[in-house]
Amino acid sequence: MEPNLRPVVEDDFEFAFRVKREAIGPHVAARWGWNEEFQREFHARRWRERPWFIIVKAGVPIGTVSVMRNDASVRFGEFYLLPAFQRHGIGSTVLASVLACADAEALPVELEYLKWNPVGSLYQRFGFVIVSENEIHYFLVRERAGKNPSVKRPYGGAARLDCAMLFPAALSKR
């Protein structure tokens, strides 16, 4: 069964925080340690600022992602899977599905990740390129379909997302 997305409800906050803690917590802790209070406050800010979706597989919540569309691009972030579901192609399927929706709108996709997080190889496989960096993050862009024909569009196995659900929900921040 393919993973799918559903918009969050307020009751999903604790699940989303747990997924974040389990997925990225070790990478955060490696650099700064994990401060539960600070991380919960930071998560709450992001929760209010961005449109979130729960990644569901066979009816079970397994991760989160935030997809925010504006006039010029799609912002992809808060992409966390529970460790038991990592490295099984689920992240690739979700990412490919969001990219297909962005390509249908002829929009580039932007994201960032911690420099020491191994997720960078996933983004490179999907045609993202580093456009800038700071001490902590790489900032990447994957150009819109047609702008760079040499970029491989690996959509095989992509879940069939309802792009109309994804982007209108992303345009209105809940």
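Values in this text are rule-based calculations from the coordinates and carry no lab data. Note that the structure is predicted; figures quoted are calculated from it, not measured. For neighbour counting, all protein chains shown are included, and Cβ atoms are generated from backbone atoms with ideal geometry for every residue, glycine included.
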Percent antiparallel among DSSP beta bridges (both partners in the chain, rounded to 5): 95
Residue exposure sequence - Val28, Val67 - by fewest surrounding Cβ within 10 Å: Val28, Val67
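For n ≥ 4 DSSP H runs only, could you compute -39500 (n - 2.57) per run for the chain, divide by its residues and tell me the 222 nm figure to the nearest 500? Please report the intermediate quantities before stating the final value.
Working: 5 runs with 64 residues, N = 174.
Taken over the chain, the calculation gives -11500 deg cm²/dmol.
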Per-residue ³J(HN,Hα) for segment 106-113, Karplus 6.51 cos²θ - 1.76 cosθ + 1.60, θ = phi - 60°, Hz, x for Gly and Pro: 6, 10, x, 10, 10, 7, 9, 8
Approximate shape of segment 4-171 as ellipsoid semi-axes (Cα gyration tensor, √5λ), whole Å, largest first: 24, 19, 15
Segment 1-159, relative contact order [Cα under 8 Å, separation at least 6], %: 21
Label-point separation, Met165 to Asn35 (7 Å along Cα→Cβ), nm: 3.8
For segment 1-70, radius of gyration divided by Kirkwood radius, i.e. Rg to Rh on alpha-carbons: 0.99
DSSP H segments from the chain that extend 18 Å or more along their own axis, Cα-based, with Kyte-Doolittle mean of -1.0 or above: 13-32, 90-104
Total charge dipole magnitude, the chain, about the Cα centre, Cβ charges on Lys, Arg, Asp, Glu only, Debye to nearest 20: 340
